[in-house]
Amino acid sequence: MTINHISASLDLTPTDDFVLQYINMLLGIYPKTKVECVHVTPVFDLATALYTHNTDELEGTEERRKAIEQNIELKVLQNIDNQFHENTLIHVGEGKVMDKLVYYAGEGEQDLLVLGRKKNKDYFGRLTHELIRRGSSHTLLVPEKPPITPRRILVAIDFSDNALRAYETAVELANKLPGLPHIHCLNVYEMPETEAMYAGFSPRSKEFETEMKKAVGFAYHNFLEKANVELRGEKSPTFTALNAPRSLCAETIFHHANTFNADLIVMGVKGHSDVERFFLGSVVERMTLINNKFPLLIVK
């Protein structure tokens, strides 16, 4: 994963601190990266002030903008190492928050969009999904009090090209981190719900379950063969395959992340064209809703 430009969407809540701390960790391995801290606030009514020549309102507008910039600047000073301060820019805009942020996510030059993830799901909804869906870059969701340096990375894979990009991104990130994080791949597959015969076995028989596991293992082997990156030091990822209904795929991944003690979850979605970006995968979308514990990197 190449990162030259990070955009951090800040909302002036304590969650911003965790976002900036995680970005600070990334700057340690991508030290030349530009970081843009973005905040959009409801319109300051600047047009009205100019039209009516109300200088008091105009001065108040500018004062509010400066206060927000100073607030963000203080957060940067507290959470970003001094050596990276020159890399960091602050952009405060005004307007319709949803429209402005979604437009910026789609039209910005960032390689990585970083968002905070509050523990209360009531704060997490349409805006964040639109930012992920419309954005052209990878997206990182940082929860409250996250593990900052990943030591155990879980990659959810379905053997698709999207999953391959996610796996390659996870390996590239791991290879840059001090030490070498443990990469663990997880595939959640669903047993067919039919009484038809497959290869001479009843779908509900132990024999068929064994054959399914063999097929998944073979698919994983072929999946690794396609990857263009390898873990340094001749290390290898580990792999687990779990049987679960597709409707519970995200819950299964989240539960396994707890079992694995993951520090980061990596998942892939379609993202090369405008049409593909519009359709956020149902499993990824569900994961963004239920996961308020682990940093989640969504790779496009």
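The values are calculated or read from the model by the stated rules, or taken from the named source; none is laboratory data. A quick note: this is a predicted structure, and the numbers were derived from the prediction, not measured. Virtual Cβ from ideal backbone geometry, glycine too; neighbours counted across all protein chains shown. Ligands, DNA and RNA are stripped out before the accessible areas are found, and what is left, the full protein with its side chains, is counted by its heavy atoms. Shrake-Rupley method; radii C 1.70, N 1.55, O 1.52, S 1.80 Å.
Taken over the range 121-156, the criterion of being outside any helix (DSSP H, G or I), open to solvent by 10 Å² or more (accessible area, probe 1.4 Å), in contact with a helix residue (DSSP H, G or I) (Cβ under 9 Å, 6 or more places away or on another chain) and over 16 Å from Val102 (Cα atoms) is satisfied by Glu144, Lys145, Pro146, Ile148, Thr149, Arg152, Ala156. Take the range 157-171 and flag every residue that is closer than 11 Å to Leu186 by Cα and either open to solvent by less than 20 Å² (accessible area, probe 1.4 Å) or in contact (Cβ under 8 Å) with a residue 60 or more places away in the chain (or both). Once the filter is applied, which keeps residues that are closer than 11 Å to Leu186 by Cα and either open to solvent by less than 20 Å² (accessible area, probe 1.4 Å) or in contact (Cβ under 8 Å) with a residue 60 or more places away in the chain (or both), the range 157-171 yields Ile157, Phe159, Ala163, Tyr167. Taking the range 9-30 as the range and being farther than 23 Å from Arg151 by Cα and not β-branched (Val, Ile, Thr) as the test, the residues that pass are Ser9, Leu10, Asp11, Leu12, Pro14. Run down Thr288, Thr238 and say which single residue is polar (S, T, N, Q) and at pLDDT below 95. Criteria check complete, one pass: Thr288. Would you confirm whether or not the range 242-252 contains a residue that is open to solvent by 60 Å² or more (accessible area, probe 1.4 Å) and at pLDDT 95 or above? No - not one qualifying residue is present in the range 242-252.
Residues that are assigned to a helix (DSSP H, G or I) and touching a residue at least 12 places away in the same chain (Cβ under 8 Å) were ranked within the range 225-241; the one that is surrounded by the fewest Cβ atoms within 10 Å (Cβ to Cβ) is Gly233. For the range 242-264, the tally of residues that are more than 22 Å from Tyr22 (Cα to Cα) and touching a residue at least 40 places away in the same chain (Cβ under 8 Å) stands at 10.
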